[in-house]
Amino acid sequence: MIKKNINIIALALTILASSCQKSLLDKDPLDSTSAATYWRNESDVQGGLTGVYSRLKANFLGYERIYLDGLSDNAFLYDNTNQVNFSGLTTGSITPMTGGALNNMYNSPYALVAQCNFFLDNVGRAPLTDAQLNPYRAEARFLRALAYFDLVQTFGGVVVYTTAPKTLESSRIAKSSEAQVYEVIINDLDFAIANLPDTRYSGKAVKGSAQGLKARVLLTQEKFAEAAALCKEIIDGGKFGLSNNYASLFKTSGQVNASVNTEIMFATQYLAVTSPQRTSPGAAGMDIELGWWSLLQPYQDLANAYECTDGKPITTSPLYNAATPYNNRDPRMDMTLKLPTETWRNPVTNVPWTAFQTPSFTGYLMEKYVDLSRAPFTVATAVNTDQDYIHLRFADILLMYAEAVNEATGPSAAAYDALDRVRARATVNMPAVDRAAYNSKETLRNFIRNERRVELALEGQRFNDLKRWKIAHIKLPTLKTPNGTSLIFNMNNYKYPFAQRERENNPLLEQNDGY
């Protein structure tokens, strides 16, 4: 691959979509009065779709999605001014007035929905056939499904728009049920699967992107047999595979390597220096926010999840020594975490640069997605930070397949083989699953969940995994923040509240229970 190629405010966001297109594409505004002069040819259609994709860079739709691990048992999110009030979400301070990060979880997906709907409502004006337009429509519907999936996982049933409201009053409608939201998501993904190109990912959504997202949706709905069948279809299709270097998956240099990118199935893309990860309100991005400011600090609980190289947990492995706890461990541990015994050095001078880092309160820092070849990091170098955030990769397909098969029928060769394939990746080389030790649905379920945790650690998936497994209220209260405050997750927290402002603007928006 060559790299970088509606709530009540829906109506306003649709209008905003026009102005965003103008600044992004230097085109006429894409509103009803200018549509006749804009949708003139396929180039205009492609430009309009570029505006839709641009929404993926906002908040948790882009690289900041990694911060969702700060809501889980994986990491502590330290003083994040990009996502105000985030830490309060972990310690019980969740109300309709919370604002900050909670508002971003709601507004950014709806902004993407609004832009998708604007595109879909107008793209038919272009003088092209349906055969020519449907692949473009499929990309927009894939992105709309991605946005609604975020919303339904966070808030449950939400207000659904599949076309832009014509008036402010017409946007004031009741929320749909969770089942109805999922129906919209599946319909969008089925259209995308039928109309997207059946090729490897190269910067825009392809059939495999939509299949993979649908598999994740089905797994969340506990439709295990359907999820397993869809994952198997992706696996047997042969268009995607595992990277031969785990660490390089999360670095720019590795992401532009075709042998690596057979694993990437969909990502939010960035490009130095014209479209880096963050320039406003101040230059930042993963390298600075993780490598310098140390905002996401892994918990010891995550470190303990990594097995020893004999494939046994640290509680039973004879290779584990508390005096040298980082020896003989799953290699993904050192490629994901900056260990307490590790020193990062300037790649040119070889001088340690710990003085440029915020100290860790948990004992660990995040190394995944930090490109040490650009160290030490400064505000001046932030425009070079352009690692793509990976939403979906082939290893996740294998793990979802193993989970779905086990939940549907219990342990089987198919489930074991999928897990072994992930663990046998070059640069990881962990032993095959011990079939005798994990020979029941329950024991294999726990193994799969731990394997998901370490393979996908600090990629923003763990919190939603804990929720769909319905164990967030059990696991999270067993941990404390570095200052000793217990994590709080109550049963009502499986659905976050709607902001009071949204309910004032839309009296038909019913609040979630417990708020």
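Things worth noting here:
- Tensor-based shape of the range 197-298 (alpha-carbon gyration tensor, a/c under 1.5 rounded, otherwise prolate or oblate): prolate
- The chain: C-alpha gyration tensor shape, a/c 1.5 cut-off, then a/b vs b/c: rounded
- Dipole magnitude for the chain: computed about the Cα centre from +1 point charges on Lys and Arg Cβ and -1 point charges on Asp and Glu Cβ, it is near 200 debye.
- Under the convention that each Lys and Arg Cβ holds +1 and each Asp and Glu Cβ holds -1, the size of the dipole of the range 234-348 around its Cα centre is about 220 debye.
- At full extension, residue 91 and residue 500 could sit 145.2 nm farther apart than now, given 0.36 nm per residue minus the alpha carbon distance.
- Overall form of the range 455-515 per C-alpha gyration tensor (a/c, 1.5; a/b vs b/c): prolate
- Charged-residue dipole, Cβ positions (Lys, Arg, Asp, Glu), the range 363-463 about Cα centre, Debye nearest 20: 180 debye
- Of the accessible area of the range 337-394, computed with a 1.4 Å probe over protein heavy atoms only, carbon and sulfur atoms account for 60 percent.
- Summed over qualifying helices (DSSP H, 4 residues or more, each -39500 (n - 2.57)) and divided by its residue number, the chain shows a 222 nm mean residue ellipticity of -12500 deg cm²/dmol.
- Positive-end extreme of charge dipole, the chain - chosen from 487, 378, 399 (charges on Cβ): 378
- Burial order of peptide ranges 111-122, 173-184 (average beta-carbon count within 10 Å, highest first): 111-122, 173-184
- Inter-centroid distance (Cα atoms) of the range 485-515 relative to the range 80-104, Å: 12 Å
- For residue 175, a cut-off of 22 angstrom between C-alpha atoms picks up these lysines, skipping any fewer than 8 places away in its own chain: 166, 467, 495.
- Here r is the Cβ-Cβ distance between residue 79 and residue 429 and R0 is 51 Å; the resulting FRET efficiency, rounded to 0.05, is 0.85.
- Here the accessible area is traced with a 1.4 Å probe on the protein chains. For the range 46-182, carbon and sulfur cover 51 percent of it.
- With the charge dipole of the range 420-515 set up from +1 on Lys and Arg Cβ and -1 on Asp and Glu Cβ about the Cα centre, the Cα lying farthest toward the positive end among the listed residues 499, 514, 447 is that of 447.
- Accessible area per residue, Å², the chain with all protein chains present, probe 1.4 Å: 38 Å²
- For the range 38-78 versus the range 344-383, the gap between their alpha-carbon centres in whole angstrom: 25 Å
- When the chain is described by a simple charge dipole with +1 on each Lys and Arg Cβ and -1 on each Asp and Glu Cβ, the residue from 228, 206, 39 located farthest towards its positive end is 39.
- Low-density loop positions, chymotrypsin sites (Phe, Trp or Tyr not before Pro), the range 330-395 - DSSP coil, at most 16 other Cβ in 10 Å: 361
- The trypsin sites (Lys or Arg not before Pro) found in the range 421-458 that occupy coil by DSSP, while having at most 15 further C-beta atoms within 10 Å, are 435.
- Apportionment of accessible area to carbon and sulfur, the range 421-474, percent (1.4 Å): 53 percent
The values are calculated or read from the model by the stated rules, or taken from the named source; none is laboratory data. Since the structure is predicted, the reported quantities are computational estimates derived from the model, not experimental observations. A quick note on method: Cβ atoms are made from the backbone with ideal geometry, for glycine too, and the neighbour counts reach across all protein chains shown. Surface accessibility is based on the protein's heavy atoms, side chains included, excluding ligands, DNA and RNA. Shrake-Rupley method; radii C 1.70, N 1.55, O 1.52, S 1.80 Å.
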